[in-house]
Amino acid sequence: MALLMYISIVLVAVLAILYQVELNSDPVIASAGVTLMRSREDTFKYAANVPNYHKWTLMISKIDEINKTQISSGKTFNLYSRIPLFGEQTIPTKVVAYKPFHRLDLQTHARLLEMRISMSFTDIRRDLLPYTRLDCTVTARRRSLLYYVSVLQGLRFVMTSQLKGTLLNLKLMLQT
């Protein structure tokens with residue numbers, strides 16, 4: 001019985017240490033890119049139309065604009081996502097970086113996962129045709145080492161496949 005108590009104390013101490021130790025930067029959950037046969041302006045306009053995300057984003061079922069202003073830094077949305085075992089979840093989201101035709105960053109404030117979704121748009125010329133490279137990176141806002149070793153490792157696999165599927169949907173929608 002004493003051995004079990006010592007193991008419990010050591011386990012609690014290790015968990016407390018892991019919770020207190022923070023990473024130096026926001027950990028990357030998923031990163032993917034896609035090359036689209038569209039101009040950077042067309043691609044950005046489509047990707048910056050957040051109210052239509054549910055049409056091409058796999059995890060989003062519906063979107064409500066909190067303020068009806070044009071998209072810019074500070075604009076807020078509520079994203080709704082159906083998560084197995086949890087049901088429909090509301091995810092408050094804010095535009096935190098907006099550079100027209102170059103960059104769009106969204107910050108989510110979900111209960112379990114605060115993340116930043118960064119999209120960058122780059123011109124590529126092939127055979128005099130306009131192409132755009134869209135690179136998307138999803139980073140966690142929590143830096144706790146405990147969060148990193150427990151939650152993010154499983155989430156990384158799911159989010160990477162979701163992100164790749166989402167970019168494939170975007171490519172199919174823009175090139176048809």
request  = Measure nothing but the geometry: give the 0 to 90° angle between the long axis through the Cα atoms of 153-174 and the longest principal axis through the Cα atoms of the chain, rounded to 10°.
outcome  = 10 degrees
ask   = Expressed as an acute angle from 0 to 90° and rounded to the nearest 10, what is the orientation of the C-alpha long axis of helix 2-20 relative to the principal long axis of the chain?
value = 30 degrees
task = Considering Cα pairs under 8 angstrom that are at least six residues apart, work out the relative contact order of the range 37-90 and quote it in whole percent.
result = 24 percent
Theoretical ellipticity at 222 nm over the chain - DSSP helices of four or more residues, -39500 (n - 2.57) apiece, nearest 500 = -9500 deg cm²/dmol
key: Cα centroid separation, the range 122-176 to the range 26-53 (Å)   = 8 Å
request  = Please compute the net charge surrounding GLN89, taking Lys and Arg as +1 and Asp and Glu as -1 over other residues with Cβ under 10 Å from its Cβ.
outcome  = +1
remark   = Given unit charges at Cβ for Lys, Arg (+) and Asp, Glu (-), the dipole magnitude of the chain about its Cα centre in debye, nearest 20, is 300 debye
ask   = Which Rg and Dmax, in Å, describe the Cα atoms of the chain?
value = 19.4, 76
request  = Please label the shape of the range 84-148 as rounded, prolate or oblate, based on the square roots a ≥ b ≥ c of the eigenvalues of the alpha-carbon gyration tensor (a/c under 1.5 means rounded; beyond that, a/b larger than b/c means prolate, else oblate).
outcome  = prolate
Mean separation of Cα contacts under 8 Å, 6 or more apart, over the residue count of the range 73-134: relative contact order % = 21 percent
message = Per residue, how large is the accessible surface of the chain? Use a 1.4 angstrom probe and give square angstrom.
response = 60 Å²
query = Tally Lys and Arg at +1 and Asp and Glu at -1 over the other residues with C-beta under 11 Å from the C-beta of LYS171: what net charge comes out?
reply = +2
inquiry  = Sequence gap at least 6, Cα distance under 8 Å: using those rules, report the relative contact order of the range 49-162 to the nearest whole percent.
reply    = 14 percent
request  = Give the shape of the range 24-85 as rounded, prolate or oblate, defined through the alpha-carbon gyration tensor: a ≥ b ≥ c are the square roots of its eigenvalues, a/c under 1.5 means rounded, and otherwise the shape is prolate if a/b is larger than b/c and oblate if not.
outcome  = rounded
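The values are calculated or read from the model by the stated rules, or taken from the named source; none is laboratory data. Small disclaimer: the values here were computed from a predicted structure and weren't measured. Reconstructed Cβ throughout: ideal geometry from the backbone, glycine too, with neighbour counts over all protein chains shown. These area figures cover heavy atoms from the full protein model, side chains too; ligands, DNA and RNA do not enter into them. Shrake-Rupley method; radii C 1.70, N 1.55, O 1.52, S 1.80 Å.
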